[in-house]
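What follows is a set of notes on a single structure, which appears directly below.
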Amino acid sequence: MNLIFIGPQGSGKGTQAKLIAERFGFVHISTGDLLRSLQGELRREADSFMQSGKLVPDEFIIKILKERLEKSDCQKGIILDGFPRNINQALELDKIIKIKAAMNIDISDEEAIRRISGRFSCSKCGEGYNIYTEPKPKANGICDKCGGKLEQRKDDNSEAVKIRLKTYHEETTPILKHYNTVKINGNQNIEKVKQDIEKAIGFLRLVG
């Protein structure tokens, strides 16, 4: 079963993709992680785009995705996280893989802004926290793991988040009509969202 997890920043789709992949034995594929793990000529090619300030072309993403999908561990099923981001990418993806369904982890813009403005990460080890959701640091401003200082990304403020949400609604939301989409209430806690996704997957398996 091949799935796509879609949702605005702050929806927890990355967290859920990891949890569900582990639960069902699927492979969680994040295009960001995929790009960071590249080596050799592909790495140099990816770096040439990013260092010049350009977006990595869709054709390149599709090429490295195709290579990843051909590996034997993907036979049981995959969860794509972070791709496709627009309808053109979805159409290109159709050429290399059949997607069973898209899990739309839906939250309001207000909740997205609240969650993202609460995100902090450790300046030493990179561990992530959130003062409004989970995981919260035990001591304010201090990393539980290494004791480092927690810092916030400069673009994790309400105005920057609003711009990113506008792009999401304009470019990514139309994808939902392209796929068999299951709407999941992302405003719930992590465990409840996970349970709802598990139920949806069970239903998808039942109907074939």
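Residue by residue, here is whether (1) under 18 Å from Gly10 (Cβ atoms); (2) modelled with pLDDT under 90; (3) among the hydroxyl-bearing types (Ser, Thr, Tyr) holds:
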| site | (1), (2), (3) |
| --- | --- |
| Ile113 | yes, no, no |
| Lys124 | no, no, no |
| Pro135 | yes, yes, no |
| Gly141 | no, no, no |
| Asp144 | no, no, no |
| Leu150 | yes, no, no |
| Asp155 | yes, yes, no |
| Glu159 | yes, yes, no |
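The residues on offer are Arg43, Arg23, and the sole one that is without any contact (Cβ under 8 Å) to a residue 24 or more places away in the chain, surrounded by fewer than 17 Cβ atoms within 10 Å (Cβ to Cβ) and not in a loop (DSSP other than H, G, I, E, B) is Arg43. Considering (1) out of contact with any Ser or Thr (no Cβ under 9 Å at 6 or more places or on another chain); (2) at pLDDT 95 or above, the lone condition that Leu80 does not fulfil carries the number (1). Of all residues in the stretch 19-33, which are touching a strand residue (DSSP E or B) at 6+ places or on another chain (Cβ under 9 Å) and among the small types (Gly, Ala, Ser)? Within the stretch 19-33, Ala21, Ser30, Gly32 qualify. Taken over the stretch 48-69, the criterion of being part of a helix (DSSP H, G or I), loosely packed, with under 14 Cβ neighbours inside 10 Å and over 21 Å from the mean Cα position of the chain (by Cα) is satisfied by Ser48, Gln51. Determine whether the stretch 104-125 contains at least one residue that is free of Cβ contacts under 8 Å to residues at least 60 places away in the same chain, surrounded by fewer than 13 Cβ atoms within 10 Å (Cβ to Cβ) and closer than 30 Å to Asn2 by Cα. Looking through the stretch 104-125, none of the residues is free of Cβ contacts under 8 Å to residues at least 60 places away in the same chain, surrounded by fewer than 13 Cβ atoms within 10 Å (Cβ to Cβ) and closer than 30 Å to Asn2 by Cα.
Screening Glu159 against (1) out of contact with any strand residue (DSSP E or B) (no Cβ under 6 Å at 6 or more places or on another chain); (2) assigned to a strand (DSSP E or B) leaves a single unmet condition, (2).
Residues of the stretch 180-203 include at least one that is hydrophobic (A, V, I, L, M, F, W, C) and not in a helix (DSSP H, G or I).
The values are calculated or read from the model by the stated rules, or taken from the named source; none is laboratory data. Keep in mind that this is a model prediction, so the values were computed, not measured. Every residue, glycine among them, receives a Cβ derived from its backbone with ideal geometry; neighbour counts consider all protein chains shown.
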